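Chemist: Dropping the structure in here first, questions after.
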């Protein structure tokens, strides 16, 4: 049997849900949600290339589309016919690429702190500054600054041990992985047309203190889909899966009510 290039964990029982982490993390970022979700879903939890126990590709540049292809290798190996793709941040960009390339396999797409729009000129400029910073100073100083921007203001105060554990783990990510992933995000295409033409139901989950998401823009994206379940977390920044894991788990469990039927 062919072996998947990406490391992944499989657990739980029920309909299949794939959980894909975002930039600066690995599959363990979902751990707080697994006890509840695994009672309802068979969970497939990969590490993206360069994160966790998955290696960066050696033969070609990393792209959002190439990650979607590697995710589909897992889906084929596991003989999954239909599933829900749940992606956080960069993982949501991969989910949208998967929707573009393999729509017949998705019965639901859930995006946490993610969107279908290409980067604005300002956002591209900020990502290029990120590249320069990482190339000059390395992973650890970048991650320390990155963490200051992604959480709700009270998260570090309320959960200092969790914050410190996450920070320590993220700080060990190789600089090359952060650089390649940042370039992949810069080069990704706009996928609003994909959302508009798709009949796969969509769930959007945003934090009201997310510094990377524009609420009005995401509301416009929600209007593009045939069906959108739109949620705003009142006590979250960019990391609702860690800041309000029980609430996010509850939202994801309700996706069973709206999944597209695939025959």
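Chemist: Applying the selection to segment 197-222, what residues are touching a helix residue (DSSP H, G or I) at 6+ places or on another chain (Cβ under 8 Å), under 20 Å from residue 155 (Cβ atoms) and not in a loop (DSSP other than H, G, I, E, B)?
Modeler: Those that are touching a helix residue (DSSP H, G or I) at 6+ places or on another chain (Cβ under 8 Å), under 20 Å from residue 155 (Cβ atoms) and not in a loop (DSSP other than H, G, I, E, B): 205, 206, 207.
Chemist: In the list 35, 46, which residue meets the criterion of being crowded, with 22+ Cβ neighbours inside 10 Å and modelled with pLDDT of 95 or more? Can you show your working first?
Modeler: On the way: 35 fails: crowded, with 22+ Cβ neighbours inside 10 Å.
From the options 35, 46, the qualifying one is 46.
Chemist: Hey, another quick one. Quick one: residue 229 ticks every box in (1) without any contact (Cβ under 8 Å) to a residue 60 or more places away in the chain; (2) under 19 Å from the mean Cα position of the chain (by Cα); (3) part of a helix (DSSP H, G or I); (4) over 30 Å from residue 59 (Cα atoms) except a single one, so which number is it?
Modeler: Every listed condition holds for residue 229 apart from (3).
Chemist: Can you confirm whether residue 22 is closer than 16 Å to residue 245 by Cα, in a loop (DSSP other than H, G, I, E, B) and in contact with a strand residue (DSSP E or B) (Cβ under 7 Å, 6 or more places away or on another chain)?
Modeler: On the way: closer than 16 Å to residue 245 by Cα: yes; in a loop (DSSP other than H, G, I, E, B): yes; in contact with a strand residue (DSSP E or B) (Cβ under 7 Å, 6 or more places away or on another chain): yes.
Spelling it out, residue 22 is indeed closer than 16 Å to residue 245 by Cα, in a loop (DSSP other than H, G, I, E, B) and in contact with a strand residue (DSSP E or B) (Cβ under 7 Å, 6 or more places away or on another chain).
Chemist: Here is a follow-up. If a residue must be without any contact (Cβ under 8 Å) to a residue 24 or more places away in the chain and either touching a helix residue (DSSP H, G or I) at 6+ places or on another chain (Cβ under 6 Å) or on the phi > 0 side of the Ramachandran plot (or both), how many such residues does segment 91-122 contain? Don't jump to the end; show me each part of the working.
Modeler: Residues of segment 91-122 that are without any contact (Cβ under 8 Å) to a residue 24 or more places away in the chain, as a first pass: 120-122.
Now narrow it down to the ones that are either touching a helix residue (DSSP H, G or I) at 6+ places or on another chain (Cβ under 6 Å) or on the phi > 0 side of the Ramachandran plot (or both): none.
Of the residues in segment 91-122, 0 are without any contact (Cβ under 8 Å) to a residue 24 or more places away in the chain and either touching a helix residue (DSSP H, G or I) at 6+ places or on another chain (Cβ under 6 Å) or on the phi > 0 side of the Ramachandran plot (or both).
Chemist: Between a first residue in segment 123-150 that is touching a residue at least 40 places away in the same chain (Cβ under 8 Å) and a second residue that is exposed (fewer than 13 other Cβ atoms within 10 Å of the Cβ) and not in a helix (DSSP H, G or I), which pairs have beta carbons less than 6 Å apart while being 6 or more apart in sequence or on different chains?
Modeler: Going by the 6 Å Cβ cut-off, the qualifying pairs are 149/211.
Chemist: Considering only segment 232-246, state which residues are under 17 Å from the mean Cα position of the chain (by Cα) and surrounded by fewer than 19 Cβ atoms within 10 Å (Cβ to Cβ). Break it down into steps so the answer makes sense when it comes.
Modeler: In the first step, residues of segment 232-246 are kept if they are under 17 Å from the mean Cα position of the chain (by Cα); the result is 232-233, 236-245.
Once the filter is applied, which keeps residues that are under 17 Å from the mean Cα position of the chain (by Cα) and surrounded by fewer than 19 Cβ atoms within 10 Å (Cβ to Cβ), segment 232-246 yields only 232.
The values are calculated or read from the model by the stated rules, or taken from the named source; none is laboratory data. Keep in mind the model is a prediction, meaning the values are calculated, not measured. Neighbour counts run over all protein chains shown; Cβ positions are idealised from the backbone, glycine included.
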